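First comes the structure, then the notes that go with it.
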Amino acid sequence: MTITIKDSSEIEAMRKAGRLAAEVLDYIGPFVKPGVTTGELDRLCHEYMVQVQKTIPAPLNYAPPGYQPYPKSICTSVNHQVCHGIPGEKVLKNGDIVNLDITVIADGFHGDTSRMFAVGEASIAARRLCEITYECMWLGIEQVKPDATLGDIGHVIQRHAESHGFSVVREFCGHGIGRRFHEEPQILHYGRPGTGEKLRPGMIFTIEPMINAGRREIKELGDGWTIVTKDRSLSAQWEHTVLVTEAGFEVLTVSAGAPARPQLYTKAA
Ligand code: MF3
Ligand code: CO
Ligand code: CO
């Protein structure tokens, strides 16, 4: 297990990469409307990253062991798609929910963040899933402080999701991040308090729960990337990149348009 501890200059670079990734989401939000294709959202984000920000879209041609190179610059996961949806001809329609996942490389460092968007007017059930998943991510983030454990993070996420009758995807997880897209450790979104690696100041990782309205089982589509729920139930995901500080945590993927931190204490399970 080699978890990298970032020094102050690396942390500064990660703040910049995180902000830039979040700013791509701020930019693309107004384009998420009925009638747009996921391919068009990808094209717009690609142009913004490359031409305006001068960042590199990390997904493009990303090829972890056992995968074919990812063909696009962002991930667009619609409705029952869990993650890694490949942008293309799919036309977004009123009532869809879509996760847009952005990873940029700036000055050699990665910033990774995703948000849910409702296309037009989504159902109450769909909005509820997105909202609870957002709370799951934040409950996980609020566990982050020196000497807390990875199991503490997973536990609160799992408890919150399951208390609302939802399920947690097990096959994909958060991850350390820095000069590399996916570093150690793995951040599971389920688990037991007090188990797993202890957090230390200078660690940077993502928290990115994938929560299903139905059963937790998933399958991969023939494109080699897109993950969907086996029962075709809706799935939602939010992602932030987080630094462990002496005092607790700092969210690195912040921007002017990032949604507010939820008021959790009133509805904690
Ligand atoms: N951004 C995703 C994550 O949060 C990874 C996408 S890999 C890709 O870890 F190749 F599909 F882009
Ligand atoms: Co990630
Ligand atoms: Co991501």
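Determine the distance separating the Cα centre of region 205-223 from the Cα centre of region 5-62; give it in Å without decimals.
22
For region 1-68, what does the alpha-carbon gyration tensor say about shape, rounded, prolate or oblate, given a ≥ b ≥ c as the root eigenvalues, a/c under 1.5 as rounded, and a/b over b/c as prolate?
Because a/c hits 1.5 or more and a/b fails to exceed b/c, region 1-68 counts as oblate.
Rounded, prolate or oblate: which fits region 155-238, taking a ≥ b ≥ c as square roots of the Cα gyration tensor eigenvalues, rounded meaning a/c under 1.5, else prolate when a/b beats b/c? Don't jump to the answer; show the numbers that get you there.
On the way: a/c = 2.72, a/b = 1.33, b/c = 2.04.
The shape class here is oblate.
Could you compute the FRET efficiency for residue 51 and residue 93, with r as their C-beta to C-beta distance and R0 at 30 Å, rounded to 0.05?
On the way: r = 29 Å, r/R0 = 0.98.
Computed FRET efficiency for residue 51 and residue 93 comes out at 0.55.
Can you tell me what the convex hull of the Cα atoms of the chain projects to on average, as an area in nm²? Mind dumping the intermediate values first?
Values: hull surface 52.7 nm².
Here the figure is 13.2 nm², rounded to one decimal.
Could you compute Rg(Cα) / (2.2 N^0.38 Å) for region 1-143, with N its residue count? Let's see the in-between values first.
On the way: Rg = 15.9 Å, N = 143, 2.2 N^0.38 = 14.5 Å.
Region 1-143 yields a ratio of 1.10.
Quick check: Cα centre of region 63-99 to Cα centre of region 138-176, how many Å?
23
Would you mind calculating the gained length between residue 12 and residue 181 on full extension (0.36 nm times residue separation, minus the Cα-Cα distance), in nm to one decimal? All intermediate terms of the calculation are to be shown ahead of the outcome.
Working: separation 169, 0.36 × 169 = 60.84 nm, distance 1.70 nm.
Extending this stretch completely gives an extra 59.1 nm.
From the helices alone, meaning DSSP H stretches of at least four residues, give me the mean residue ellipticity at 222 nm for the chain, per-run term -39500 (n - 2.57), in deg cm²/dmol to the nearest 500. Intermediate results must be reported in sequence, preceding the final value.
Working: 4 runs with 64 residues, N = 269.
So the calculated ellipticity at 222 nm is -8000 deg cm²/dmol.
Testing the spin-label approximation: label points 7 Å from Cα along Cα→Cβ at residue 145 and residue 162. State their distance in nm.
2.5
For the chain, what are the DSSP H helices with axial Cα length of 18 Å or more and mean Kyte-Doolittle hydropathy of at least -0.5? List each step's numbers first, then the result.
Working: long enough: 8-28 (31 Å, -0.01); 124-142 (27 Å, 0.46); 150-163 (20 Å, -0.30).
Once both thresholds are applied, what remains is 8-28, 124-142, 150-163.
Could you tell me the calculated FRET efficiency between residue 245 and residue 192, based on Cβ-Cβ distance and R0 = 35 angstrom, to the nearest 0.05?
Values: r = 25 Å, r/R0 = 0.71.
Computed FRET efficiency for residue 245 and residue 192 comes out at 0.90.
Considering only 224, 202, 140, give the residue with the highest GNM mean-square fluctuation for the chain, with springs between Cα atoms whenever their separation is below 10 Å.
Its mean-square fluctuation being the largest, the pick is 224.
When we measure straight from the Cα of residue 219, which lysines land under 22 angstrom away, once same-chain ones fewer than 8 places off are left out?
72, 90, 230
Which shape class applies to region 84-222: rounded if a/c is under 1.5, otherwise prolate when a/b exceeds b/c and oblate if not, where a ≥ b ≥ c are the square roots of the Cα gyration tensor eigenvalues?
oblate
The numbers here are math on the coordinates, done by the rules we state, and not lab data. These figures come from a predicted structure and were not determined experimentally. Here the Cβ is made from the backbone with ideal geometry for all residues, glycine too, and neighbour counts use every protein chain on show.
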